[in-house]
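Comments concern the structure below.
The values are calculated or read from the model by the stated rules, or taken from the named source; none is laboratory data. What you are looking at is a predicted structure, and each value in this text was computed from that prediction instead of being measured. Accessible surface is based on the protein model in full, side chains and every heavy atom, while ligands, DNA and RNA are left aside. Shrake-Rupley method; radii C 1.70, N 1.55, O 1.52, S 1.80 Å.
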Amino acid sequence: MGRRRLRDLTHLNDGDVILFEPEAQRWREIADVFGVKGFTNLEEALAQKPDALSISTPPALHEPYVKKAIELNLHVFADVPF
């Protein structure tokens with residue numbers, strides 16, 4: 001699901017999408033395929049001042065990212081309601 005979202009986001013927002021992927025091997029692969037700037041550290045990614053977070057982790061892992069987005073007053077998209 002994350003790759004599909006990233007494809008759609010990069011199509012709609014050329015050059016304005018960044019990627020956070022904590023796993024370095026997957027980060028390199030995905031960033032190269034989609035031509036986006038990527039980060040393995042969440043704080044470094046958030047330092048880029050995004051307007052929104054689109055969370056594409058397994059649902060059980062959504063909560064800390066949703067909370068962080070809310071703390072930073074960011075728009076947030078997640079599959080599971082809280």
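Any chance segment 29-36 includes a residue that's among the acidic types (Asp, Glu) and at pLDDT below 95? Lay out the reasoning, then the answer.
Within segment 29-36, the subset among the acidic types (Asp, Glu) is 29, 32.
From what is left, the residues that are at pLDDT below 95 are 29, 32.
Looking for residues that are among the acidic types (Asp, Glu) and at pLDDT below 95, one finds at least one in segment 29-36, hence yes.
Tell me which of these ASP14 doesn't satisfy, since it passes every other one: (1) of a type outside the set (Val, Ile, Thr); (2) open to solvent by less than 60 Å² (accessible area, probe 1.4 Å); (3) part of a loop (DSSP other than H, G, I, E, B).
Every listed condition holds for ASP14 apart from (2).
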